[in-house]
1. At pLDDT below 90 and among the acidic types (Asp, Glu): is that true of ASP160 in this structure?
2. Does GLU83 satisfy the condition of being without any contact (Cβ under 8 Å) to a residue 60 or more places away in the chain, closer than 14 Å to LEU55 by Cα, surrounded by 12 or more Cβ atoms within 10 Å (Cβ to Cβ) and not aliphatic (A, V, I, L, M)?
3. Looking only at region 60-75, decide whether some residue is open to solvent by 50 Å² or more (accessible area, probe 1.4 Å), farther than 16 Å from ALA159 by Cβ and polar (S, T, N, Q).
4. Which one of the conditions (1) touching a residue at least 60 places away in the same chain (Cβ under 8 Å); (2) closer than 18 Å to LEU171 by Cα does MET105 fail to meet, given that it meets all the rest?
5. Name the residue, out of ALA29, ALA48, that is under 30 Å from ALA151 (Cα atoms) and at pLDDT below 90.
6. Looking only at region 40-59, filter to residues that are among the basic types (Lys, Arg) and surrounded by fewer than 20 Cβ atoms within 10 Å (Cβ to Cβ); which one of those is nearest to the chain's Cα centre (by Cα)?
7. Just checking, how many residues over region 56-78 are assigned to a helix (DSSP H, G or I) and either in contact with a helix residue (DSSP H, G or I) (Cβ under 9 Å, 6 or more places away or on another chain) or modelled with pLDDT of 95 or more (or both)?
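The values are calculated or read from the model by the stated rules, or taken from the named source; none is laboratory data. Please read all numbers here as calculations on a predicted model, not as lab measurements. Reconstructed Cβ throughout: ideal geometry from the backbone, glycine too, with neighbour counts over all protein chains shown. SASA here: full protein model, heavy atoms, side chains in, ligands and nucleic acids out. Shrake-Rupley method; radii C 1.70, N 1.55, O 1.52, S 1.80 Å.
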Amino acid sequence: MKSITVLALAGLMAVSPWSHAATPAPAAAPAAAPDAVQIKAVQDLLAAMQAEKMLRMKAGMSSYASPKQRQEVMDKLEKVAPEEVYRRLAAPVARFVTTATATEMTRFYGSSYGKRVLHQTYNSGPSFYADAAPKPSAAEKTELKRPAYVAADKALKAADAAIQHEAFVLLQEISRKK
């Protein structure tokens, strides 16, 4: 039974729309091990990104041997507090995301446009059209052109596969817990 769960969750990574390969591409990692400031900045970013919803999406997209098994994993995930998800993901993700990137992207996801992007990502149904993405206002377009945001967005996109992998590893840990 356990091997079926592991195989089912491993299949999730193979079909994940965030990964382009079975293993994540190496992202540019900071030179030194993450310090407390960097881990806190990444934890704040994960909270702003609503990382607990990302975990639920990963669990929901996975194939399971039975509906009962799917429900068991979802129930376990539901019992995990969002703050625990942020805390447990912060240290591994901090290897791929710098403090500056985390701070800038936390600022972005706290903005009204960033909140609309998150709502579109987690709360809207599937869409085949690019028009479904929220449209930024003129002031928001100006903010999106800031060099700090452009650099942080590019760095976060480069680290996305690694972040998704770490989320998958956390999902496996949670689903294995009795």
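1. No; evaluated as a whole, the condition is false for this residue.
2. It is true that GLU83 is without any contact (Cβ under 8 Å) to a residue 60 or more places away in the chain, closer than 14 Å to LEU55 by Cα, surrounded by 12 or more Cβ atoms within 10 Å (Cβ to Cβ) and not aliphatic (A, V, I, L, M).
3. yes
4. For MET105, the failing item is (2).
5. ALA29
6. Filtering first and then ranking leaves LYS53.
7. So the count comes out to 14.
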